[in-house]
Amino acid sequence: VLDIKKGREYNELIRLDLSESKLDYPFNVYLDDYPGMVEKMNQHPGKLLLLYDQPWNKKERDTIYGNVLRVFGWKDALSFIRTMGIIEEM
C-alpha cells in the first residue's frame, strides 16, 4: 500500500531549479497538480501526465489532451500506473 505520510522507498530524488523543466528528464509518467503542465504535455506526446485533481486545476478539464489523465488521489494514480504495467503490487 502506498502511504505518503509514512514514506516510500525511491531510487533518486531530483530537485529542480525554477529554470528547469521536469519534462527534460527521461521519464514516461509524471504526476503533477500544476495546470500549466497540461499545455506543456501537448508538446510531449510520448509522455503521460497524471493530473492530480485540485481546485486550482479544475478549469483544465476543457484542455485535456490524449496524454493527460486526471486522477483523484494517490490510490487512483497508483491503480492507473499498475494497469499500465509500469510497477507491480507493493
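Quick notes on this one:
- Count Lys and Arg as plus one, Asp and Glu as minus one, and take only other residues whose Cβ is under 11 Å from that of L16; the net charge is then -1.
- Among the chymotrypsin sites (Phe, Trp or Tyr not before Pro) found in the stretch 9-59, those both in a DSSP coil and sparsely packed, with 16 or fewer other Cβ atoms within 10 Å of their Cβ, are Y10, F27.
- Translational D in µm²/s for the stretch 27-83 (Stokes-Einstein at 20 °C, 1.002 mPa s, Kirkwood Rh from C-alpha pairs): 191
Where a number appears in this text, it was derived from the coordinates with a stated rule and is not lab data. Here the structure is a predicted model, which is why all the values come from computation and not from measurement. Cβ coordinates were reconstructed from backbone atoms using ideal geometry, including for glycine residues, and neighbour counts include every protein chain displayed.
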